[in-house]
Amino acid sequence: MQKLTLMNRNNQIIHIENWIEKRISMGRLSFSLKEIREAIPEKTDLAIKAALLRLSKKKRVLSIHKGFYLIIMPRQSGSGMIQPILFIDSLMKYLERDYYVGLLSAAALHGAAHQRAQETFVFTTFPVLRPTLKEGIKINYISKKETPDKLLQEKKTEAGYLKVSSPVLTAVDLVQFETRTGGLNRATTVINELAESIKPKDFTKELIDWVQ
């Protein structure tokens with residue numbers, strides 16, 4: 001009986017591992033419990049959660065939020081580091097939140113590469129989200145009543161697209177939230193690096209209205 005139970009558990013893991021491999025082949029590096037339930041309806045919730053727990057222990061998946069998992073690629077399993085830009089969009093869609101990547105994280109994506117921070121800054125709508133601190137991943141969330149869609153840009157990533165503050169909005173946010181990134185001196189340094197990407201035409205009515 002014990003041997004049979006072990007075989008059933010292994011089959012469950014293999015079944016879910018195959019589903020995960022298929023997602024990787026499609027360039028999708030995260031999933032929710034809802035998605036896996038719909039994809040493998042013959043499995044009970046208990047069986048799915050038990051299999052995911054064992055895969056977590058094997059460092060094949062990582063629970064980053066309740067009901068939301070990251071797929072850890074072999075090249076990532078050693079360091080435990082997963083690029084947040086690869087899953088932020090999927091996570092925000094799962095949470096049904098408007099968002100954008102901002103501050104130093106956006107500046108790095110716009111070319112201020114040596115200003116890359118050890119944490120990722122994400123602006124999102126209320127209610128407030130606690131910081132994400134897991135397996136070397138650090139995400140700080142800044143809550144806003146709404147997001148300025150016309151001041152955002154889309155950046156392509158390995159896993160899809162990412163909403164990022166435009167260079168001019170990044171500069172404005174760096175000043176407004178300078179205490180989050182090391183003070184005004186650092187904010188000024190980063191803005192100087194962004195200057196070439198900011199044009200006079202970028203100072204639009206939408207930007208002025210947003211700042212006010």
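Bear in mind that the values in this text are calculations on the coordinates, not laboratory data. Worth saying up front: this structure is predicted, and the values here are computed from it rather than measured. In this analysis, Cβ positions are derived from the backbone assuming ideal geometry, glycine residues included, and neighbour counts consider all displayed protein chains.
Results, tabulated for the structure shown:
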quantity: Rel. contact order, % - alpha carbon contacts under 8 angstrom, at least six apart, the chain; calculated: 16
quantity: Highest-fluctuation residue, V190, V168, V128 considered, GNM on the chain with Cα pairs under 10 Å; calculated: V128
quantity: Per-residue [θ]222 nm for the chain (sum of -39500 (n - 2.57) over DSSP H runs n ≥ 4, rounded to 500); calculated: -12500 deg cm²/dmol
quantity: Fluctuation leader among M73, M26, M92 - the chain, Gaussian network, Cα springs under 10 angstrom; calculated: M26
quantity: For the chain, built as a Gaussian network whose Cα springs stay under 10 Å, the top-fluctuating residue of V175, V61, V164; calculated: V175
quantity: When each of K43/K163; K155/K199; K93/K201; K93/K134; K49/K156; K66/K134 is checked by Cα-Cα distance, pairs over 23 Å; calculated: K43/K163; K93/K201; K49/K156
quantity: Most to least packed among 93-99, 82-88 [average Cβ atoms within 10 Å]; calculated: 82-88, 93-99
quantity: Amide proton proximity set for S30, modelled H, under 5 Å, gap of 5+; calculated: I71
quantity: Extension gain from E146 to A39, taking 0.36 nm per residue of separation minus the Cα-Cα distance; calculated: 35.2 nm
